[in-house]
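Worksheet: the structure to be examined is printed underneath.
Derivation of every value follows stated rules applied to the coordinates shown; laboratory data play no part. What you see is a predicted model; the values in this text were computed from it and never measured. Using ideal geometry, Cβ is built from the backbone for each residue, glycine included, and neighbour counts are taken over all protein chains shown.
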Amino acid sequence: SSRRRHTRFRNVTGVQTCALPILTIDWQIRRAELSDIDQLVEIEDAQFPEPWSRQLLRDELSLTSQRRYTVAEQRGHVVGVLGLMLIDDDAHINTIATRPEYEGRGVARSLLDEALPVIRAEGYRRVTLEVAVGNQRARALYLAYGFEPLGIRKQYYRVTNEDALVLVKYWQSDESAP
């Protein structure tokens, strides 16, 4: 059965009102594969002013001992991606993106919900990432997951000359997994 976003209407004292949309998650999170490259390039091109090349994506997916890439897949269609670089006891989110038509539907949350507990369980002590200072939606998402500001990288994004906010999440020994 197809699960979609539904809006319910109801009539209250003669006035038609619209309840909040009901969101049903109907994608699965799995490890990215080389066969996903075409779809990953599409997401990169749609979301980033400086998209990664096909070759760079291929190289990233091939570094399986130092990288962890997952995708959100809906009926054979990749709708989001999360890429981690793993070094010593640090994890770094290299990329997280969704297809534009899936923004705000919980794809990035699903990717983080899958990845963060796994890398914590594997012994990584912290997670870092860079986010464009002007990307308020992404910043709010990361703050909701417990990421905290660590610093600024001036003019980090060359095409836009925008600064990047560096965020970090540390795990405390008494903290429950995200």
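Apply the a/c threshold of 1.5 to the C-alpha gyration tensor of the stretch 101-178 and tell me whether it is rounded, prolate or oblate. Walk me through the intermediate numbers first.
Values: a/c = 2.42, a/b = 1.43, b/c = 1.70.
The shape class here is oblate.
Let me check I've understood the local charge: for Leu112, count other residues with C-beta under 13 angstrom from its C-beta, Lys and Arg +1, Asp and Glu -1. What total comes out? Write out the running numbers ahead of the final one.
Values: positive: Arg68, Arg109, Arg120, Lys169; negative: Asp113, Glu114.
The answer is +2.
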Checklist outcome for this item: For the pair Glu50 and Tyr145, the simple spin-label estimate (label points 7 Å beyond Cα toward Cβ) gives in nm 2.1 nm
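When Lys and Arg each count +1 and Asp and Glu each count -1, what net charge do the other residues less than 13 Å away from Val79, Cβ to Cβ, add up to?
Once all neighbours under 13 Å are counted, the net charge is -1.
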Item to check | Charge tally in the Cβ shell below 12 Å around Pro49, where Lys, Arg are +1 and Asp, Glu are -1, Pro49 excluded | outcome: -3
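Run through the DSSP bridge list for the stretch 85-164 and note the antiparallel percent, rounded to the nearest 5.
Working: 6 of 10 bridges.
Looking only at bridges with both residues in the stretch 85-164, the antiparallel portion is about 60 percent.
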